[in-house]
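What follows is a single structure, written as structure tokens, with notes after it.
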Amino acid sequence: MAALIKVFGHKAPDTDTTCCAILWAWYLNEHTSTPATPYVLGELNKETSFVLNRWKVPQPSLLESVSTEDEIVIVDTNNPQELFENINDAKITAIIDHHKLVGGLETLAPITVTMRPLASTASVIHDLVGDAVVASMPEGMAGLMLSCILSDTLEFRSPTTTPHDKTIAEKLARQLNVDISAYAAEMFAAKSDVSDYTDSGLIHIDSKKFEVGDKNIRVSVVETTTPATILARKEGIIAAIKSILAQESDTHGVLFFVIDILKEEATVFVYDNLTKQIVEKSFGVSLAGDSAVLPGVVSRKKQIVPALKI
């Protein structure tokens, strides 16, 4: 009997990473002889919870560690900073991703790596499983696939969106008899409800670490249709950032971006000389206060992280 494969994505799980773990595990179970189980590495955000409830798909169990005995598939990341510290000890069998190659993952044997320049890992999985599988997949799985693409493209607003992503989403919407704009609005409304998050919780909703020069920087984003509710909490969020830095000895700075989905712009908070230097050099702005508005910036993957420099 084949070993059970554990499928999961990055910490601070979002819709794409959570649903792609479910999608790939479903595919392995239903269309191959490899048994698999999806997992998440943290608490789900409200958009992702909404999506799972909308399509009546159970939430994956929380995975708290891996061992040398575990066979795993990693989806939606290839960054070891977003995974377990001992991730290289596990038996990685495949990586499915749409981010740039970061480096640092090591495998015990050759593996299958599929990385494509698409806006969503779900689009990559769509192509891997093929049109026939997608056309016959249960409504729940098709709904998750559509949700991933709409989430990661911000309903096609993000510059990461490719014509192929849009074509897949429109095909799935027809298959499901779903109005894309109406459904995306429901998703973004769920995403925008942050009333019960602490200031620290807001920072960790969607947060990833990256090396910028010789510094390790946590880049956090909150995508919302109601940015004023978050901007009003700036003082508390900056205080929480300083607390996080005191706790994380390997983190030199936190860049917190509030993405206004509808206006298609970002506001970034600045609280010390390092973040001021990074924001000014990276985005060509001159700062006089503790925040900066960046018109047209909505994508961490394509517009924020590649621009970062010290």
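Taken together, the values in this text are just the output of simple stated rules run on the coordinates, not laboratory data. Keep in mind it's a predicted model, so treat the numbers as computed, not measured. Positions of Cβ are generated from backbone atoms using ideal geometry, with glycine treated the same way; all protein chains shown enter the neighbour counts.
Dipole magnitude for the stretch 1-152: about 260 debye, using +1 per Lys or Arg Cβ and -1 per Asp or Glu Cβ, origin at the Cα centre.
Each Lys and Arg adds +1 at its Cβ and each Asp and Glu adds -1 at its Cβ; summed about the Cα centre, the stretch 104-220 shows a dipole of about 240 debye. Let me know the shape class of the stretch 5-189, please: from the alpha-carbon gyration tensor, a ≥ b ≥ c as square roots of the eigenvalues, rounded when a/c is under 1.5, otherwise prolate if a/b is greater than b/c, or oblate. Since a/c reaches 1.5 and a/b is larger than b/c, the shape of the stretch 5-189 is classed as prolate. In terms of packing, defined here as the mean over residues of other Cβ atoms within 10 angstrom, the peptides 122-130, 173-181, 82-90 line up highest first as 122-130, 82-90, 173-181. Judged by the ratio a/c of the largest to the smallest principal axis of the C-alpha gyration tensor, the stretch 199-307 counts as rounded, that ratio being less than 1.5. Along the axis of the charge dipole computed for the stretch 180-238 (Cβ charges of +1 for Lys and Arg, -1 for Asp and Glu, origin at the Cα centre), the listed residues G236, G213, S200 are led at the positive end by G213. Computed over the stretch 5-189, relative contact order equals 21 percent, with contacts defined as Cα pairs under 8 Å that lie 6+ residues apart.
Taking Cβ atoms as reference points and 11 Å as the exclusive limit, the residues near D272 contribute a net charge of +1, counting Lys and Arg as +1 and Asp and Glu as -1.
Comparing P138, V254, F8 along the charge dipole axis of the chain, the residue lying farthest to the positive side is V254, per the Cβ-charge model. When each of the peptides 8-15, 231-238 is scored by the mean number of other C-beta atoms lying within 10 Å of its residues, the order from highest to lowest reads 8-15, 231-238. Using only side-chain charges placed at the Cβ, +1 for Lys and Arg and -1 for Asp and Glu, the dipole size of the chain relative to its Cα centre rounds to 580 debye.
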